[in-house]
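Taken together, the values in this text are just the output of simple stated rules run on the coordinates, not laboratory data. In this text the structure is predicted, and so the values were computed from the model without any measurement. In this analysis, Cβ positions are derived from the backbone assuming ideal geometry, glycine residues included, and neighbour counts consider all displayed protein chains.
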Amino acid sequence: MSNVSVTQTSFPCLGAQPGRDGMTAFRVWTPAVESIAVAIGDTQYGLVATGEGVFEADVPAGSGEDYEFVLHRHERRPDPCSRAQPYGLRGPSRVVDLAALAREEAGWTGVGLADLVIYELHIGTFSPSGTFECAIPRLLGLRELGVTAIEVMPIATFAGDHGWGYDGVYAYAPHPAYGGPEGFARLVAAAHRAGLAVILDVVYNHLGAGSEAIDAFGWYFTDRHETIWGEAIDYSQPAVREWALQNAEMWVRDYGVDGLRLDAVHSIFDDSSPHLMAELAQRVRAANPRALVISEIEIGDLRPICEWGHDAQWEDALHHATHVLVTAEYEGYYARYGEVADVARELSRAEGRRFVVCAQNHDQVGNRALGDRLRGRDLRLAAFCAILSSGAAALPGRGVRRVTPVSILHRPYRPRDRGQDPERAPAGVRRVFGLQRRANPRSRGPADVSALPARPGDR
């Protein structure tokens with residue numbers, strides 16, 4: 001077989017692995033079919049079953065060749081572990097020589113947890129063109145600001161050109177609209193030259209629209225669990241487990257990424273021992289000892305830092321406590337907050353040094369009906385509270401690219417515009433997104449909305 005990337009497991013490395021002899025090793029897990037071939041141009045090459053539902057073959061193909069897997073002799077599908085999808089979800093995959101991508105390792109030693117000041121960066125809105133390449137000239141400005149790491153929001157290939165990135169389908173393939181594998185590698189190298197670490201936001205709890213193309217190969221999903229975004233991924237399948245573990249290894253080993261931010265790990269279901277998230281931390285460190293593993297998880301669940309060996313975890317309680325004090329919003333998950341003592345409690349947490357905290361982030365802005373955010377005095381106060389924390393501080397990125405937001409409201413409505421009434425929003429929207437300012441049930445008296453000062457940013 002061709003030379004392939006080495007993983008910290010006996011399970012074979014999935015996807016297309018180009019060798020030095022003009023051959024490429026193709027491996028795919030597809031227990032749902034009896035035969036499978038790889039098509040390169042007009043030529044098809046049969047793959048051989050090697051056990052555990054894995055098929056493989058060495059094929060004359062080099063980096064840059066486009067290919068598709070052929071299921072059931074006629075059904076063409078991209079590779080579930082495709083390293084590049086240059087034509088999007090529906091097009092062929094492309095062989096990529098990851099070892100040949102741009103790297104900037106000379107003198108780069110990474111950034112430790114204690115030195116993290118994170119800038120949350122969405123590639124699609126960070127620059128006018130919304131690409132990896134166009135983001136590079138702006139990196140020095142972030143370093144001068146005091147940022148030590150950029151947290152790149154998910155870049156897995158998803159449907160269409162524009163989106164948050166959290167509904168990716170091809171987890172190994174940097175989004176083509178952003179610049180693909182070559183563009184991302186150049187961004188990482190440029191960040192290191194600028195003195196910035198790169199943390200990549202990855203999603204292993206679900207797949208987005210178009211995932212039926214991956215499910216055609218095998219049993220990637222389960223009905224034993226469910227997530228709020230769709231079908232849960234079935235990590236009882238060893239190959240599906242490897243799909244996530246090898247993906248994490250790839251980012252820190254082949255791209256030189258300095259850390260991973262694991263999205264919503266409370267929606268990753270695994271009854272195995274060790275838990276998938278514990279094994280992922282072990283495999284990441286074996287591939288890149290300086291790489292950080294940071295989880296997003298529900299408030300109060302300390303498994304990432306207490307059981308799984310993660311370096312840190314996002315902690316939203318401080319955000320919620322400060323948000324209520326500066327906005328007087330008490331609906332939904334804000335209902336349990338409303339006292340200065342809530343902020344004091346969160347700032348004195350024993351685990352605080354292993355928390356990542358923020359004044360606001362993409363969740364707290366994007367999950368609101370209209371994407372409204374703190375501004376002016378309110379933002380400065382909330383940011384000050386985050387800075388007082390002993391943990392790592394994260395700053396939300398400010399995009400420069402103008403995009404048209406999609407509103408779920410039935411008619412135009414901006415709750416933060418001066419002089420407009422939140423009662424104009426549909427009742428269901430008010431309940432879900434907390435558009436009203438109400439009295440805190442924990443406070444001694446009702447909040448006088450009319451007495452609230454105008455926000456400087458609202459003028």
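What does the net charge come to around Ala84 if you take all other residues with beta carbon closer than 12 Å to its beta carbon, with K and R at +1 and D and E at -1?
With Lys, Arg at +1 and Asp, Glu at -1, the neighbours total -3.
Please give the FRET efficiency for Ile228 paired with Thr50, using the beta carbon to beta carbon distance and R0 = 41 Å, rounded to the nearest 0.05.
E(calc), rounded to 0.05, equals 0.65.
For the range 32-90, take every pair of Cα atoms, bin their distances at 5 Å starting from 0, and report each bin as a whole percent.
Calculated P(r), rounded to whole percents: 4, 17, 30, 27, 17, 5, 0.
How much length is gained on full extension from Ala102 to Arg380, taking 0.36 nm per residue of separation minus their Cα-Cα distance?
Between Ala102 and Arg380, full extension yields an extra 96.2 nm.
Quick check: pseudo-label points 7 Å beyond the Cα along Cα→Cβ at Tyr333 and Arg90, how many nm apart are they?
3.6 nm
What does the extension gain come out to for Leu388 and Arg143, with contour length at 0.36 nm per residue minus their alpha carbon separation?
Additional length available on full extension: 86.1 nm.
So what's the gap between the Cα centers of the range 123-184 and the range 208-249, to the nearest angstrom?
Between the Cα centres of the range 123-184 and the range 208-249 lies a distance of 24 Å.
Using a 10 Å cut-off around each Cβ, can you sort Asp223, Asp58 from fewest to most neighbouring Cβ atoms?
Asp223, Asp58
Could you give me the radius of gyration and the Dmax of the range 113-396, taking only the C-alpha atoms into account and expressing both in angstrom?
Cα-based Rg and Dmax for the range 113-396 come out at 18.5, 53 Å.
The range 342-370 to the range 45-76: how many Å between their Cα centroids?
46 Å
Provide Asp215, Asp254 in ascending order of the number of other Cβ atoms located within 10 Å of each residue's Cβ, fewest first.
Asp215, Asp254
Rounded to the nearest 0.05, what FRET efficiency is calculated for Ser273 and Glu133 with R0 set to 41 Å and r the Cβ-Cβ distance?
With a Förster radius of 41 Å, E is 0.40.
With a 10 Å Cβ neighbour count serving as the proxy for reagent exposure, in which order, fewest first, do Val365, Val293, Val324 appear?
By the 10 Å Cβ count, ascending, the order reads Val365, Val324, Val293.
Could you tell me the calculated FRET efficiency between Arg73 and Glu307, based on Cβ-Cβ distance and R0 = 60 angstrom, to the nearest 0.05?
0.80
How far apart, in nanometres, would the label points at Arg345 and Asp21 be if each is projected 7 angstrom from Cα along the Cα-to-Cβ direction?
Each label point is offset 7 Å from its Cα along the Cβ direction, giving 6.5 nm.
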